[in-house]
Every structure is written in structure tokens, then in C-alpha cells.
Amino acid sequence: MKIFLTAIAILLACCACIPDFLASLTAHLALKTFGGTPSTWMDTLRLVYIAKLPACPCTLSQADKDQRFITSNSLIGYFHEGASNCFRAPSLLSHSLSGQQCCYGDDGRLRIGIEQNGGTADAYSPDGITNILKHIWYDVLPWVAFCDMGNATTCSTYYNYRPSDDCLEYYLL
Ligand SMILES: *[C@@H]1O[C@H](CO)[C@@H](O)[C@H](O)[C@H]1NC(C)=O
């Protein structure tokens, strides 16, 4: 019951309709319920298949023009602090359940890695209700444990398993 309620709370938190601080609060509550240390979440982070994902556009204007990417700015102030725009390439493109995420700063440049709170590969792209729940479990809650409630070392472990794409392989269509 507790788990069910928490799942619902997190699902709500992932709607754009609530402020960042409430999402953070809900996430912390969830971690208190499920056990909040990085070691608890290590296998969830590690033992999932992530498909080869499309490379991120290097700039915001490229991303805007690229039909493969859709704007996805829900709660980026919490998950990708400093980014002003994020995009997703849905799972359809990777012919799997995984999806790419790319975030850009005010200067329109791609933000990558832990220092820039860059976008990350998702084991489960949040497309559709089943995948949203899996996304929360396999991508979001580990991020909360490793990054939000962890430290620089644990967060870099998260980015090792859910890396930012650096756009080096990006080509304009
Ligand atoms: C970071 O957190 C991990 C796991 O909780 C801990 O083992 C490690 O000592 C911490 N590292 C630093 C630099 O605080």
C-alpha cells in the first residue's frame, strides 16, 4: 500500500504541474520508503539494457529543427539545474525502450556530464504509462539516490551508467 501510494505520488510529481521543490520532497519521501543509499540502487542502475541512442544535437537551434527530438522541460530545474531547455528522442528511435535526453543552457549550447547537470541516457524513455513507471524506477529514483541525495563520487557513477551524449556523432539531417 505504502509502495503503491508512493508510486502514485512520484507519477504526479513527474507531471509538469507541480513545482520543483515538491518533486524533490516526493522523491526524498520515496527514497525513505524504498531505502535511500546508492548501494540499494546499484543493481537497478547497472543491470539494465540501454540501446544505442541517437546522438544529441550540439545546439538548441539544431535540436529545435530536428524532428527526431521533442521538447521535454518538466521539472528540469530539479533534475537538470542550470538548463533552460531539454529535449528527448523517444524510445521509438532506438528501436528499444531506451531514450536519449539532451539539455541546453541559456547560451544554447549542449550541457554535458555531472558538472553541467547534463541530460542523460534513459534505460526507459518516459513514453506511455508503463514506460513512465519504469523510467521512475530505473532512471529517476537511482538519480535521486546517487546524485540528489548522494555526493560527487556517487553521482559520477550514475553518469557512467546513464551518460550524457557529447554530440560528437551528431549529424544534421
Ligand atoms: C559518497 O557517498 C558514498 C556512499 O554513501 C560514500 O561511501 C563515500 O565515502 C562518499 N564520498 C565522499 C567523498 O563523501
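Key figures
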{"quantity": "In the stretch 2-161, lysine pairs with alpha-carbon atoms under 30 angstrom apart (chain gap of 8 or more, or interchain)", "calculated": "6"}
{"quantity": "Trypsin sites (Lys or Arg not before Pro) restricted to the stretch 17-61 and DSSP loop, no more than 14 other C-beta within 10 Å", "calculated": "K52"}
{"quantity": "Cα lying deepest toward the dipole's positive end in the stretch 89-162, options L110, C147, S98, charges on Cβ", "calculated": "S98"}
{"quantity": "Unit charges on C-beta of K, R, D, E only; dipole of the chain, Debye", "calculated": "440"}
{"quantity": "The stretch 59-92: trypsin sites (Lys or Arg not before Pro) in DSSP coil with no more than 11 other Cβ atoms inside 10 Å", "calculated": "none"}
{"quantity": "Gaussian network model of the chain, springs between alpha carbon atoms under 10 Å - residue of A152, A83, A30 with greatest fluctuation", "calculated": "A152"}
{"quantity": "Helix-only mean residue ellipticity at 222 nm for the chain, each DSSP H run of n ≥ 4 adding -39500 (n - 2.57), per residue, nearest 500", "calculated": "-10500 deg cm²/dmol"}
{"quantity": "For the chain, built as a Gaussian network whose Cα springs stay under 10 Å, the top-fluctuating residue of L110, L31, L45", "calculated": "L31"}
{"quantity": "Per DSSP, loop chymotrypsin sites (Phe, Trp or Tyr not before Pro) in the stretch 83-173 with at most 15 further Cβ within 10 Å", "calculated": "Y171"}
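Read-outs throughout are calculated quantities, based only on the coordinates presented, and are distinct from any laboratory measurement. Remember, it's a predicted structure, so these values are computed and weren't measured experimentally. Note: ideal-geometry Cβ built from the backbone for every residue, glycine included; neighbour counts use all protein chains shown.
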